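*Asks:* Handing you a structure now.
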Amino acid sequence: MSGRRRQQVADLIRDEVSEILAYEMKDPRLGMVSITRVEMSPDLRYATIFASVFADEAEQQETMQALSGASGYVRRLLAPRLRIRHIPSLQFRLDHSMAHADEITRTLNTLKQESGESERPLEQPDDAERNDH
């Protein structure tokens, strides 16, 4: 299977699963969850869905258990929405990339404060310079 086709199917699954979680799942264990990406197997029979959960560690684990338990239900809801021969088996994984990016941002801000730099607004051109153009 071509890489382009796999990416198209992955994008479609990401969009549809996001919609299903937002509008059709009523499980109270689902916290603030966002589907960040989907990786497909070469034969399109398996999809690994990466989810970012905005919560503490305990709530993240609870949300991931709810998603794993609902994978068959989500797969059933996907069937009429996808025009592919085989609806892939779904596996949900916790995506730590958002937390990692937040940690990097905090570290950079701390280093910036320690070095004594202050945030300066972008310099605005003089009115005369603006009128010259």
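*Asks:* How far apart, in nm, are the 7 Å Cα→Cβ label points at Asn109 and Ala55?
*Replies:* My value for the distance between the label points is 2.4 nm.
*Asks:* Which value in nm describes the separation of the simple spin-label points at Glu39 and Met98, placed 7 Å from the Cα toward the beta carbon?
*Replies:* The answer from the label model is 1.9 nm.
*Asks:* Applying the Karplus parametrisation 6.51 cos²θ - 1.76 cosθ + 1.60 with θ = phi - 60° to the phi angles of the range 36-45, what ³J(HN,Hα) value in whole Hz is obtained for each residue in order, glycine and proline being reported as x?
*Replies:* Per residue, the Karplus-derived 3J(HN,Hα) values read 8, 6, 10, 10, 9, 6, x, 8, 6, 9 Hz.
*Asks:* Let me ask another. Once phi is turned into ³J(HN,Hα) by the Karplus curve 6.51 cos²θ - 1.76 cosθ + 1.60 with θ = phi - 60°, what whole-Hz value does each residue of the range 50-61 show in order, with x for glycine and proline?
*Replies:* Residue by residue, the range 50-61 yields 9, 10, 9, 10, 8, 5, 6, 4, 5, 5, 4, 5 Hz.
*Asks:* To continue, here is another question. Calculate the tail of P(r) for the range 3-112: the fraction of all Cα-Cα distances greater than 24 Å, expressed in %.
*Replies:* Numbers: 1741 of 5995 pairs.
Tail of the P(r) past 24 Å holds 29 percent of the pairs.
*Asks:* Which value, in debye to the nearest 20, describes the size of the charge dipole of the range 1-84 about its Cα centre when Lys and Arg Cβ atoms bear +1, Asp and Glu Cβ atoms bear -1, and nothing else is charged? List each step's numbers first, then the result.
*Replies:* Details: 12 positive and 12 negative charges, 122 e Å.
Its charge dipole is roughly 580 debye.
*Asks:* Right, next: Each label point is 7 Å from the Cα along the Cα-to-Cβ direction; what then is the distance between the points at Ser68 and Arg29, in nm?
*Replies:* A separation of 1.0 nm, rounded to one decimal place.
*Asks:* What's the Cα-based Rg to Rh of the range 46-100, Rh via Kirkwood? Could you put the intermediate results ahead of the total?
*Replies:* Numbers: Rg = 12.8 Å, Rh = 12.2 Å.
Dividing the radius of gyration by the Kirkwood radius yields 1.04.
Readers should treat all values here as calculations from the given coordinates under stated rules, not as data from a laboratory. Bear in mind the structure is a predicted one, so any value in this text is a computation, not a measurement. Quick reminder, even Gly has a Cβ in these numbers, built from the backbone with ideal geometry, and neighbours come from all protein chains shown.
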